[in-house]
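The values are calculated or read from the model by the stated rules, or taken from the named source; none is laboratory data. Note that the structure is predicted; figures quoted are calculated from it, not measured. Because the Cβ atoms are built from the backbone with ideal geometry, glycine has one as well, and the counts that use them run over all protein chains shown. Side chains are part of the model used for accessible areas, which takes the heavy atoms of the whole protein and leaves out ligands, DNA and RNA. Shrake-Rupley method; radii C 1.70, N 1.55, O 1.52, S 1.80 Å.
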Amino acid sequence: MSNAKFNTLIHAQNRLQICAILAATAEIEFKVLREKLDVSDSVLSKHLKSLEDADYVILTKRTDMGRQRTWLSLSADGRKAYNNHLKALQEIVGQV
């Protein structure tokens, strides 16, 4: 068995989807991520705050055409935690 670790913070459905989407791209705008997940601003913000507090997600504010927009990316620690979580899930499924 490897040293992969099941991550309860990432495992929550919306947070797992957030990490999966962020792992597939360099960065994504808050609005686009919200639409992909089909959740409200407050729900997405709450999940992002949890991931940000764990240093898994980086939020960057930029002004574009006079409007402030929030861009999100997965940090190196976040990518490592997400990949380890996927390995742990694969090990669990492999035992069935």
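Please label the shape of the chain as rounded, prolate or oblate, based on the square roots a ≥ b ≥ c of the eigenvalues of the alpha-carbon gyration tensor (a/c under 1.5 means rounded; beyond that, a/b larger than b/c means prolate, else oblate). Don't skip to the answer; put the middle values down first.
Details: a/c = 2.60, a/b = 2.11, b/c = 1.24.
Prolate, because a/c is 1.5 or more and a/b exceeds b/c.
Placing unit charges on each Cβ (+1 for Lys and Arg, -1 for Asp and Glu) gives segment 33-96 a dipole about its Cα centre, and among LEU33, SER50, GLN90 the Cα reaching farthest toward its positive end belongs to LEU33. Hey, in the GNM for the chain with a 10 angstrom Cα cutoff, which one of LEU37, LEU59, LEU51 fluctuates hardest? Top of the fluctuation ranking is LEU37. As a test of the formula, what do you get for the chain when each DSSP H run with n ≥ 4 contributes -39,500 (n - 2.57) and the sum is divided by the residue count, at 222 nm and rounded to the nearest 500 deg cm²/dmol? Roughly -17500 deg cm²/dmol at 222 nm, from the helical runs in the chain.
What does the net charge come to around LYS36 if you take all other residues with beta carbon closer than 15 Å to its beta carbon, with K and R at +1 and D and E at -1? Walk me through the numbers before you get to the answer.
Values: positive: ARG15, LYS31, ARG34; negative: GLU27, GLU29, GLU35, ASP38, ASP41.
My count for the surroundings of LYS36 gives -2.
The C-alpha atoms of the chain define a longest principal axis, and helix 13-23 lies at about 80 degrees to it.
About the centre of its Cα atoms, segment 39-96 shows a dipole size close to 220 debye [charges on the beta carbon of Lys, Arg (+1) and Asp, Glu (-1) only; nearest 20 debye]. Extension gain, ALA23-LEU59: 0.36 nm per intervening residue step, less the Cα-Cα distance, totals 11.5 nm.
Just reorder THR25, THR70 by solvent-accessible area, largest first, 1.4 Å probe, all chains present.
Numbers: THR25 50, THR70 25 Å².
The most accessible residue leads, giving THR25, THR70.
Among GLU27, GLU35, GLU52, the largest mean-square fluctuation in a Gaussian network model of the chain, built with springs joining Cα atoms closer than 10 Å, belongs to GLU35.
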